[in-house]
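Notes follow the structure.
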Amino acid sequence: MNRFVELIPQQRDKYGEREALRFRDYRTQIWSSITWNGFADMIDRAAGALLTGGVEAQGRVCIFTQNCPEVLITHFGAFYNRAIPVPIYATSSRDEVAYIVNDSGATILFTGDQGQYNIARQVIGDCPTLKFIVTLHPDVKHDADDKTSLTWEEFLLTGDKLSKDLLKELEARKQAGTPDDTMYLIYTSGTTGIPKGVMLMHSNMNAAMDAHHERFDAFIDDKTDVSLSFLPFSHVFELGWTMVCLTSGIRVAINYNPKEIQRAVKEVQPNYMCSVPRFWEKVYTAINDNLASAKPVVRMMVKQAIRVGKTRNMKYARLGKKAPALIERQYQYFEKKVFKKLRGAIGVVDGKMFPTAGAMLSDNITEFMHAVGINICIGYGLSETNASVSFFKPGEWTLGTIGMPISSIQVKIGDKNEILVKGPTVMKGYYNKPEETAEAIDADGWFHTGDCGEIAPTGELILTERLKDLFKTSNGKYIAPQVLETLLGQDKFIEQVTIIGDGRKYVSALIVPDFEELKAYADKKHIEHRSIEELVNNPDIHKMMEERINDYQKDLASYEQIKRFVLLPKPFTMESGELTNTLKIRRAVISKRYRPLIDAMYAADYRKKKDKQE
């Protein structure tokens, strides 16, 4: 029997009526709870319903929805059947959904809201393996001619009162599970091609749990701790961390709508929350904006508090050392007068740790957050490594790194400084793609991550760039675009940025401003504008942005600096294909779509030089 088949009954026996999950009710929007007893009961019903629905051992079921308790219930119900959950991002397009359903050969498709149900109805005729649809949100309206969909409650009812033969079959499946069974099929976001189904085995998740508990068990309190689920369960980062929480007895508060995360953080006041760097970039910007408008005496006090916080937390606490008595007294004073209030405004008064990965976060913001008592835990991993390869080790980490590799994982640097990983958390391979699997995992078992890095003298890993993103200017200089993008991402006026320069003479950028911040600045400076287009093309706005960009890149080598940029009047989106479901930039799509604008930037420079010569 697999570990995650035994988990829920064990936790039910241990915790009983204690809260396991917290969620916002679909209709009332009031936070509600599911106990361990209730969680276990619903999983039993879902397992029976999957069995009666014809799911076979190692058969696939797709889950296409926002985060909700039903996702986890379905996952564990699938595990009881030795079946494989296939998460699909809630923002996926019709074509993406059809591709994943067909490639995985899924027989059941779970959908969340009305839009996802509508997509499911569009693709069911093109997916020969798909038997029926289950809608999770109670307000979804089924088409009048729909004979292939069930509501969640109707689905669960089919799992009640199983016959003796079916009960015997379900128990046999539980007992027959092995660590070599595929546990999840997680499709990559496909920044450079079609998505690939990553086969993660139960043994992969077992190894990951052991490594995380080895580092975190000392400060986890299963009686009070709560983790807020912000990233989608289709993201291996959130999925892996949620499993850590469930195996530790940490309550999981599930945020349904990503746009309401700031409200959810204040209401839940989590001890833990996974996030991508952009969340903390926005928090950093908001804090600095509020500080800029505060009274001078308040600004002075906060700045002094931050200086003390950096000394205490970065020089001593970071390394597990005790700070000198004077610094500790000053810190405790500012903790009461400044830091606790600041964290309270965000909603993380008693935050213990905030795992952050998926992209780079600037050292400046990481240091700032630690100074005010927000324990950002930088980590690194991929779907193919079952999330974590490395992360900050409590009381022993170095700024500028992505932490120490987890136990049982080997890391080395290969050709072109590529990070190679080997160990029990690495995937079995890509589903139905033996050639791609052979390309990713070499004959010696090393997985080629596609990321560039180095190993610090401390043994910690340093991430430098995505190998496929690296480009060379026409002058032969290599540029790491993510470094520049992370640098500019700190600016309150910049929402998105893409660095350009492959084969070009110098570096340029396409920038999507924060339109609200830009409007506020224009109003303050009495810059007239009737539209966003007028605003981003205004010479005074361009000059202001140029000054800010130059300030950020003043310490960079000349060839690394952005020489030209364009402010765009609309953001990059998933719907346009410019972003993946994990909000990563599809550089090839953007380069092709904005080619005339990019060419014009360089042509303008050529004309300018020619005019000077004449």
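Given the options 476, 464, 490, identify the residue whose Cα lies farthest towards the positive end of the charge dipole of the stretch 462-505 (+1 on Cβ of Lys, Arg; -1 on Cβ of Asp, Glu). Among 476, 464, 490, the one farthest towards the positive end of the dipole of the stretch 462-505 is 476.
Find the accessible area per residue for the chain; the probe is 1.4 Å, ligands and nucleic acids are left out, and the unit is Å². Write down the numbers at each step before the final one.
On the way: 27350 Å² over 614 residues.
Normalised by residue count, the accessible surface of the chain is 45 Å².
Counting only the backbone N, which residues of the stretch 279-303 are under 11 Å from the spot 7 Å out from the Cα of residue 310 toward its beta-carbon? From the stretch 279-303, the list is 303. What is the angle, in °, between the Cα long axis of helix 296-310 and the longest principal axis of the Cα atoms in the chain? Nearest 10 is fine, range 0 to 90. So the helix axis and the longest Cα principal axis differ by about 60 degrees.
Per-residue 3J(HN,Hα) values for the stretch 25-37, derived from phi via the Karplus relation 6.51 cos²θ - 1.76 cosθ + 1.60 with θ = phi - 60°, read 4, 3, 9, 7, 6, 8, 5, 10, 10, 10, 7, 4, 4 Hz in sequence order (x marks Gly and Pro).
Once the Kirkwood radius over Cα pairs is known for the stretch 52-167, the Stokes-Einstein relation at 10 °C and 1.306 mPa s delivers a diffusion coefficient of 112 µm²/s.
Just want to confirm a number: the relative contact order over the chain, from Cα pairs under 8 angstrom separated by 6+ residues, in percent.
Taking the mean separation of contacting Cα pairs over the length of the chain, I get 10 percent.
Determine the share of the stretch 139-209's accessible area contributed by carbon and sulfur atoms, expressed in whole percent, with a 1.4 angstrom probe.
Numbers: 2010 of 3600 Å².
So the carbon and sulfur contribution to the accessible surface is 56 percent.
Can you tell which of 566, 20, 170 lies farthest toward the positive end of the dipole of the chain, using +1 and -1 charges on the Cβ of basic and acidic side chains (Lys, Arg; Asp, Glu)? Projecting each Cα onto the dipole axis, the largest value belongs to 566. Would you be so kind as to identify which of 389, 407, 334 lies farthest towards the positive end of the dipole of the stretch 311-427, taking Lys and Arg as +1 and Asp and Glu as -1 on Cβ and the Cα centre as origin? The listed residue farthest towards the positive side: 334. Looking at the stretch 79-130, the pairs of alpha carbons with a distance over 14 Å make up 48% of the total.
Using C-alpha pairs below 8 Å separated by at least 6 residues, the relative contact order for the stretch 324-477 is 15 percent. Set the Cα radius of gyration of the stretch 462-525 against 2.2 N^0.38 Å, with N its number of residues, and you get 1.35.
Extension gain for residue 333-residue 126 works out to 68.1 nm (0.36 nm per residue, less the C-alpha to C-alpha distance).
Summarising the overall dimensions of the stretch 482-606 from its C-alpha atoms, the Rg and Dmax are 14.3, 40 angstrom.
Can you classify the stretch 233-350 as rounded, prolate or oblate using the Cα gyration tensor, where a ≥ b ≥ c are the square roots of its eigenvalues, rounded means a/c under 1.5, and otherwise it's prolate if a/b beats b/c and oblate if not? Walk me through the intermediate numbers first.
On the way: a/c = 2.46, a/b = 1.49, b/c = 1.64.
Oblate is the answer for the stretch 233-350, as a/c is 1.5 or above yet b/c matches or exceeds a/b.
By the gyration tensor of its Cα atoms, with a ≥ b ≥ c the square roots of the eigenvalues, what is the shape of the stretch 115-214: rounded for a/c under 1.5, prolate for a/b over b/c, or oblate? Oblate is the answer for the stretch 115-214, as a/c is 1.5 or above yet b/c matches or exceeds a/b. The mean of 1/r over all pairs of different alpha-carbon atoms in the stretch 28-76, once inverted, gives a Kirkwood hydrodynamic radius of 12.2 Å.
A full extension of the chain between residue 28 and residue 194 corresponds to an added length of 55.8 nm, given 0.36 nm per residue minus the alpha carbon distance. Rounded to 0.05, the FRET efficiency of the residue 214 and residue 399 pair, given R0 = 30 Å and the Cβ-Cβ distance, is 0.85. Computed extension length for residue 516-residue 528: 2.8 nm, one decimal, from 0.36 nm per residue of separation with the Cα-Cα distance subtracted.
Work out the FRET efficiency for residue 410 and residue 435 from their Cβ-Cβ distance, taking R0 = 41 Å, and round it to the nearest 0.05. Intermediate results must be reported in sequence, preceding the final value.
On the way: r = 25 Å, r/R0 = 0.60.
So the FRET efficiency works out to roughly 0.95.
Note that the chain carries a Kirkwood radius of 26.1 Å, evaluated over its alpha carbons pair by pair.
With +1 on the Cβ of every Lys and Arg and -1 on the Cβ of every Asp and Glu, and nothing else charged, how large is the dipole of the chain about its Cα centre, in debye rounded to the nearest 20? Each step should come with its number before you reach the end.
Values: 80 positive and 79 negative charges, 438 e Å.
So the dipole magnitude of the chain works out to roughly 2100 debye.
For residue 260 and residue 303, a Förster radius of 41 Å and the Cβ-Cβ distance give a FRET efficiency of 0.80, rounded to the nearest 0.05. Rounded to the nearest whole Hz, the Karplus-based 3J(HN,Hα) values (6.51 cos²θ - 1.76 cosθ + 1.60, θ = phi - 60°) of the stretch 213-221 follow the sequence 5, 4, 8, 10, 4, 4, 10, 7, 10, with x at glycine and proline.
First compute the accessible area of the stretch 330-427 with a 1.4 Å probe, then give the percent of it belonging to carbon and sulfur atoms.
Values: 1680 of 3510 Å².
Ligands and nucleic acids excluded, carbon and sulfur reach 48 percent.
If a/c stays under 1.5 just call it rounded; otherwise compare a/b with b/c (prolate if a/b is bigger, oblate if not). Do that for the stretch 350-393, with a ≥ b ≥ c from the square roots of the Cα gyration tensor eigenvalues. In terms of gyration-tensor shape, prolate.
Computed from phi, the 3J(HN,Hα) profile of the stretch 509-524 under the Karplus parametrisation 6.51, -1.76, 1.60 (θ = phi - 60°) reads 8, 9, 10, 9, x, 7, 5, 5, 5, 5, 4, 4, 5, 4, 5, 5 Hz, with x in place of Gly and Pro.
Taking only protein heavy atoms and a 1.4 Å probe, the accessible area of the stretch 460-614 is 49% carbon and sulfur.
Let me test this: with uniform point scatterers at the alpha carbons of the stretch 397-477, what is the Debye-based log₁₀ I(q)/I(0) at q = 0.11, 0.12, 0.19, 0.23 1/Å? Log-scaled intensity ratios, in q order: -0.35, -0.41, -0.89, -1.13.
The values are calculated or read from the model by the stated rules, or taken from the named source; none is laboratory data. Just so it is clear, the structure is predicted and the values come from calculations on it, not from any experiment. Here the Cβ is made from the backbone with ideal geometry for all residues, glycine too, and neighbour counts use every protein chain on show. In case anyone asks, the SASA skips ligands and DNA or RNA and just uses the protein heavy atoms, side chains included. Shrake-Rupley method; radii C 1.70, N 1.55, O 1.52, S 1.80 Å.
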